[in-house]
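S.K.: This is the structure I have questions about; it appears just below.
Bear in mind that the values in this text are calculations on the coordinates, not laboratory data. Quick caveat: nothing in here was measured; it's all calculated off a predicted structure. We place every Cβ from the backbone using ideal geometry, glycine too, and count neighbours over all the protein chains shown.
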C-alpha cells in the first residue's frame, strides 16, 4: 500500500510539472511519430488523410477551425507562449497591443477560420509557427511540454541534426536563430525535399494570415547552417511506423 501511495504521488507530481501533461483528445496512433503526422494531417482537414479541400498556389491549406476544435489545448499552449509568440493577430483590449482585424487571443472562433481580407477567402489558421507545432505535438500526445527557445533548440541539450538524409516523418524542423525563425513538422520525405505542415509560412498573395499549410521544402534550400532537425522531442530516436 505504501509503495502504491508513493507511485500515485509521483504520478501527480509528474502530471502537474508537465512531464505527463494531460491532453484532451484520443490519440490517432500508438506510434509517437505516426500520431504527430496524423495530428498534423488533422489540422488540414478532419479526415486526417493528408489532403485538403483548399489550395493556395501549389500548397494545401486548412479549410476548417482546427484551433477551436480543442479549446483547452489551444488555451494551454497559448498560455505557454503569451502575447509575443503565440500570434501577431491581436486587437485593442487583449492586453497584447492591437493592429489586426480579429483577435487570436479572445476570438479564436472567428480567428481560426476566416477571410479577413485574404485573396483566397476563408482559411484555417494556426498562429505563429512554433506555437502551432507545439500544439500539434501536444494534441498528438507524443510530446506534451513546451518547446525551448530557438537558441536552446539549436545549440543546447540534444541540439539539431543537420543531415537531412536522416529525416523521419514526425521530425521537427527548426531554424538557426541567426536566420529568420521557423518551425515545421515533417510529414513525408520526398526525393527532392521534406514535405512539411506548418503555420505562418504559406503566403496569401503577400498577406500573411498565419495559415496552416502543407508544402515542400527543397533539399537545395535546406542549408544545414540555417535549418536542422530538433533532437529534443521525446520520441526522436523512435521509428516511424505507419
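S.K.: Using helices alone, I'd like the mean residue ellipticity at 222 nm for the chain: each DSSP H run of four-plus residues gives -39500 (n - 2.57), total over residue count, nearest 500.
M.R.: For the chain, the value works out to -8500 deg cm²/dmol.
S.K.: Order of 69, 84 from fewest to most other C-beta atoms within 10 Å?
M.R.: Result, fewest neighbours first: 84, 69.
S.K.: Once you have the Cα-Cα distance between residue 79 and residue 98, take 0.36 nm times their residue separation minus that, and quote the gain in nm to one decimal.
M.R.: 5.0 nm
S.K.: Arrange 192, 55 by Cβ neighbour counts within 10 Å, fewest through most, would you?
M.R.: Ranked by crowding around the Cβ, least crowded first: 192, 55.
S.K.: Just to verify a number: FRET efficiency for residue 223 and residue 119, C-beta to C-beta distance, R0 = 45 Å, to 0.05?
M.R.: Calculated value: 0.90.
S.K.: Neighbouring Cβ atoms within 10 Å as the yardstick, rank 88, 218 fewest first.
M.R.: Least to most surrounded, the residues fall as 218, 88.
S.K.: Say R0 is 22 Å: what FRET efficiency, to the nearest 0.05, do residue 238 and residue 71 get from their beta-carbon distance?
M.R.: 0.15
S.K.: Additional query: Over the chain, calculate the relative contact order: mean separation of alpha carbon pairs under 8 Å at least 6 apart, over the residue count, as a percent.
M.R.: Computed over the chain, the figure is 22 percent.
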